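In what follows, a structure is listed as structure tokens, so that the remarks can point back to it.
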Amino acid sequence: MKNGSTHAKLLVVAIIWGVSWVAGRVVAADVPPFTAGWIRYIIAVAFFLVFLRDSFWVPGSASSHLRPRANAKIS
């Protein structure tokens, strides 16, 4: 089975998609719409910052010595 990891990833996406409908109904019953929207926004921003953290890195900044460079060679 060559595409085992692809199938597993698609299964995870399908599960998340299905659970989101149930979670949406539960949240809609208990949380005001404006609050639910902000909670979704904050969670999305947190995930995007994790995935995009290397895009915000500026070479030569104070924290540049803490991050490995993308083109660095390991000796």
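Throughout, read-outs are computed from the coordinates displayed, never taken from laboratory work. Predicted model only: the values in this text are computed from it and were never measured. Note that each Cβ is placed from the backbone with ideal geometry, even for glycine, and that neighbours are counted across all protein chains shown.
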Worksheet item: Hull surface divided by four, with the convex hull built on the Cα atoms of the stretch 11-52: how many nm²?
Response: 3.4 nm²
Practice prompt. Obtain the nm distance between the two label points defined at A46 and A23 by a simple spin-label model: each point lies 7 Å from its Cα along the Cα-to-C-beta direction.
Written response: 1.1 nm
Fill in: Karplus-derived 3J(HN,Hα), 6.51/-1.76/1.60, for each residue of the stretch 22-38, Hz, glycine and proline x
5, 4, x, 5, 5, 5, 4, 7, 10, 10, x, x, 5, 5, 4, x, 5
